[in-house]
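The structure under discussion appears below in the form of structure tokens.
The values are calculated or read from the model by the stated rules, or taken from the named source; none is laboratory data. These numbers were taken from a predicted model, which means no experiment stands behind them. Here Cβ is always computed from backbone atoms with ideal geometry, including for glycine, and neighbour counts include all displayed protein chains.
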Amino acid sequence: MNEILTAADVASSSMKSMAPPSPPSSPAANPSLVSALLAFSLAQFLKLFTTWFKEKRWDSKRLLESGGMPSSHSATVAALAVAIGLEEGTGTSSFALAVIFASIVMYDASGIRLHAGQQAELLNQIVCELPLEHPLSSVRPLRELLGHTPLQVCAGAVLGCIVSYLMRYSG
């Protein structure tokens, strides 16, 4: 079929081709990225307070460590998935990718990494009980706080969802 073009259509299309290309957007203009980074930062910051509540001491190293309450990994990937869903819709490939990615990260945090941390704790205990003359008795201890309990993962995921929702609908 032949299309009928009006003078307004021709003028509009020629004006679009003459327009300068739009400047590249900065990462700060990406609401999904900002939501994910904000959720991560907030989760890491909250670990200071949850550590104080649990152990009655301030531990600034918690700002940079993995493990603990809430899970910053879960907060990050949940915030990313929700932000993409709110921005692009839940029927997009980007949202599907983000949900699968989030599921894998959260499963890994509460499963494999949690068990690796428990094994490290047991191995450290065994090494501490070795006689001083044993070659492994002076080995530096393994990191024990690697993974998360299911509650820590859920708390991180809820935090991430809240951050993305507030980023989208506040202000």
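Taking the stated definitions as given, is S66 of a type in the set (S, T, Y), assigned by TED's automatic domain parsing to the domain that holds L159, under 21 Å from A157 (Cβ atoms) and not in a loop (DSSP other than H, G, I, E, B)?
no
Quick one: what pairs do we get from region 45-58, first residue without any contact (Cβ under 8 Å) to a residue 24 or more places away in the chain, second surrounded by 12 or more Cβ atoms within 10 Å (Cβ to Cβ), C-beta under 6 Å, 6+ apart or different chains?
Close Cβ pairs satisfying both conditions: L48/R62; T50/M69; T51/D59; T51/R62; W58/W52.
Evaluate the following for H115: is it in contact (Cβ under 8 Å) with a residue 60 or more places away in the chain and not in a loop (DSSP other than H, G, I, E, B)?
On the way: in contact (Cβ under 8 Å) with a residue 60 or more places away in the chain: no; not in a loop (DSSP other than H, G, I, E, B): yes.
No, not satisfied.
For region 85-94, indicate whether the set of residues that are of a type outside the set (K, R) and in contact (Cβ under 8 Å) with a residue 60 or more places away in the chain is non-empty. I'd like the intermediate steps shown before the answer.
Just the residues of region 85-94 that are of a type outside the set (K, R), to begin with: 85-94.
If we keep only those that are in contact (Cβ under 8 Å) with a residue 60 or more places away in the chain as well, we get 86-87.
Yes, some residue in region 85-94 is of a type outside the set (K, R) and in contact (Cβ under 8 Å) with a residue 60 or more places away in the chain.
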